[in-house]
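Computed from the coordinates by the stated procedures, all read-outs in this text should not be read as laboratory data. The model shown is predicted, which means the values in this text are computed figures rather than measured ones. We place every Cβ from the backbone using ideal geometry, glycine too, and count neighbours over all the protein chains shown.
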Amino acid sequence: MGSMFCFQCEQTSKEVGCLRSSTCGKEHDTAREQDVLTCEMIGLAGAMADQNEDWGQTIDLIIDGLFTTVTNVNFDTAKIALLTNEVRARRKKLGAEIMDPDDLFHGDENLISLRSTLLFGLRGMAAYAHHARVLGKRNAAVDAWFIKGMAALGSEHTVDEWLGLLMEFGDVNLQCLALLDEANTQAYGNPVPTQVSMKIEKGPFIVVTGHDLHDLQMLLEQTDGKGINLYTHCEMLPAHGYPELKKYPHLKGNFGTAWQNQQKEFDELPAPILFTTNCLMPPKPGYADRAYTTSVVAFPELNHIDADADGHKDFTPLIDHAIELGGFAEDRQLVGLNDGANLTTGFGRQAILDNAGAIVDAVKTGAIKHFFLVGGCDGAKLGRNYYTDFVRNTPKNTVILTLACGKYRFHDIDAGMIGPFPRILDMGQCNDAYGAIQVAVALAQAFGCGVNDLPLTLVLSWYEQKAVCILLTLLSLGIKNIYIGPTIPAFLSDAVLNVLVEKFNLHPISTPDKDLAQILKKG
Ligand code: SF4
């Protein structure tokens with residue numbers, strides 16, 4: 001048996017690193033190929049940083065290479081090797097050398113911690129840049145930072161220099177998130193509050209999971225009028241709030257819960273599933289022939305649908321498969337983890353800011369005492385019940401903003417209303433973190449204070465690398481007192497964690513009651 005080392009996600013083995021086997025199902029040779037690809041990209045970026053040229057497609061390649069290495073995206077060693085070869089050919093053309101892949105995560109503990117934090121942040125930002133790009137949006141400063149950041153990984157820096165790079169990266173990632181927000185809202189409109197059914201209607205259907213709204217739109221167009229219904233899954237749920245997507249009557253509702261339950265939930269499904277991004281788990285034999293991947297997502301021998309040179313995807317095999325399987329014979333009412341059958345989404349930045357006056361008044365009169373942003377990724381750990389209990393225990397005069405798939409722990413709970421608003425407001429995917437930041441900034445302006453002075457606390461759950469880049473953005477904005485769990489990232493050394501705790505008052509979560517009491521004591 002070979003060996004590997006990977007500690008980039010929350011489910012890493014023993015909270016140290018996956019060595020002999022991986023929790024996510026990544027094989028040794030895949031992990032190795034991802035490390036080689038990463039080192040090739042670092043070498044290529046190092047050479048590009050020295051030259052003043054328009055790198056266009058080479059940056060696309062680096063973005064896709066980074067996205068490929070995000071947790072639960074690509075398990076296909078042969079496909080990753082093709083990307084590596086392309087990067088290697090460009091790197092060699094520029095005459096650059098590469099570091100030994102064995103050294104990627106080995107060396108001085110604190111320097112490796114800081115370098116890995118930047119690498120994982122870049123992997124997360126690549127996902128957001130990829131989504132913006134498929135909608136035709138690019139940003140020169142973000143592109144330039146992919147080169148700068150990757151090149152920085154190949155050179156030596158002091159601890160202070162690394163910390164400076166991490167804060168600079170956080171700022172650039174905010175620009176990338178803003179770009180994606182612009183891409184999504186220009187293409188599909190500003191999300192509007194929307195009730196989402198969890199009933200699966202009889203007849204053929206397709207389940208679409210992941211984050212890529214453009215893939216969903218193409219599939220909605222290609223299934224229009226064909227008698228096939230589409231259901232979102234996991235991070236695709238917020239698609240229901242976008243006017244240009246919700247206008248399709250066959251976008252019916254949401255299937256299932258968060259990604260970590262897919263092996264159970266997809267097993268008996270009489271329908272195909274399209275994985276547009278993470279989180280893909282190794283498919284069980286019961287549904288492997290019904291699982292389709294696209295873009296950078298891949299698993300050996302799964303059906304894969306690629307884009308043509310114009311970015312168009314032909315989903316005919318998936319559509320034919322849905323018709324052949326036929327769906328359920330009768331309607332099925334499904335429920336969430338807390339037995340709730342009603343979901344709402346679409347409380348994006350604009351929907352909330354449109355009501356900023358009423359919200360500010362509600363705070364001034366005491367109707368709203370505190371805001372919690374309980375968001376981030378879900379995962380399999382038992383300790384993640386913390387987030388369900390936290391939300392359940394919040395006082396009735398508080399509002400819970402949420403985004404990303406961590407909300408599946410609690411978003412079907414009927415938490416009541418405050419004025420015209422549900423107490424739980426779904427702001428969208430992790431991709432919509434920009435909207436949450438804008439709401440916080442707008443509230444601070446309305447109250448004439450800083451974000452840290454607002455009656456607002458961020459209670460975050462992390463799993464993969466997109467959470468890393470969002471955390472770095474929040475820290476670069478100077479946001480303090482963030483609660484983070486379910487565990488502290490294994491790649492943060494004690495010394496680096498201490499710096500973050502001292503500088504930003506970062507809190508590892510404890511118990512819902514203890515944390516709530518501490519937060520509400522401050523007001
Ligand atoms: Fe382990 Fe996570 Fe890396 Fe998979 S992505 S090998 S679970 S650390």
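Table for the structure above
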read-out	value
Kyte-Doolittle mean at least -0.5 and Cα axial length at least 30 Å: DSSP H helices in the chain	28-49, 109-134, 159-188
Spatial separation of Cα centroids for region 337-390 and region 485-523, in angstrom	20
Likely footprinting exposure, VAL439, VAL451, fewest C-beta neighbours within 10 Å first	VAL451, VAL439
Straight-distance crosslink candidates among aspartates and glutamates, where the alpha carbon sits under 18 Å from LYS26 and sequence neighbours closer than 8 are dropped	GLU10, GLU15, ASP35, ASP76, ASP102, GLU301, GLU464
Euclidean distance of C-alpha centroids, region 425-452 and region 76-115, integer Å	37
For region 136-206 versus region 293-317, the gap between their alpha-carbon centres in whole angstrom	22
Fewest-first ranking of ILE147, ILE413, using other Cβ atoms within 10 Å as the exposure measure	ILE413, ILE147
Per DSSP, loop trypsin sites (Lys or Arg not before Pro) in region 1-46 with at most 13 further Cβ within 10 Å	ARG20
